[in-house]
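Worksheet: one structure, shown below.
The values are calculated or read from the model by the stated rules, or taken from the named source; none is laboratory data. This one's a predicted model, so the numbers in the text were calculated from it and none came from an experiment. As a convention, Cβ positions derive from the backbone with ideal geometry for all residues, glycine included, and neighbour counts pool all protein chains shown. Note: areas computed on protein heavy atoms with side chains; ligands, DNA, RNA excluded. Shrake-Rupley method; radii C 1.70, N 1.55, O 1.52, S 1.80 Å.
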Amino acid sequence: LYKVQNDNVYYLLLFYIKGHVGFCKGHQEKDETDEQTALRETKELTGYNVELDDEFKEKISYNMWTGNSKDVYYFLGESNEEKIAVEASFPFEVAGYKWCKLEESLDLLDFDNDRYVLIKADRRIKEKHKLLIKISDTKYY
């Protein structure tokens, strides 16, 4: 989830009660597509209705502590809303949130897979919105 203000891109990071910082994600319900899951989870966790970018879908895979492997699909959703409804929606899952620029987001994210997705998303967003890519950003690309 991102927003563009004054030619700056901000990413919504969620501070999960389990102790990690990451993006909106959740479990897929029966007969849901990946896109439907992303839209539902975003609405449940933030209160936002977003439109997904049809040209961005990123899959990451990792091994859980149980030894099972898991696939996660990330999408880009843009928001122009200021207020978030995290506290009202899933307070037992999310402790807080923060809108951050790229560098701060990369510092706060706990998992390298999330950083990888964010860097790819940042490039897509800046191309889509015809935003200037700063020289400081290119060290991540």
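Annotations
- Using a probe of 1.4 angstrom and keeping all protein chains present, the accessible surface of the chain works out to 61 square angstrom per residue.
- If you take all other residues with their beta carbon under 12 Å from the beta carbon of V72, and give Lys and Arg +1 and Asp and Glu -1, the sum is -1.
- Considering every alpha-carbon pair of the chain, the percent of pairs per 10 Å bin, from zero through the bin containing the longest distance, is 11, 42, 37, 9, 0.
- The chain - percent of accessible surface contributed by carbon and sulfur, probe 1.4 Å: 49 percent
- Net lengthening on full extension, L106/D34 (0.36 nm per residue, minus Cα-Cα): 23.4 nm
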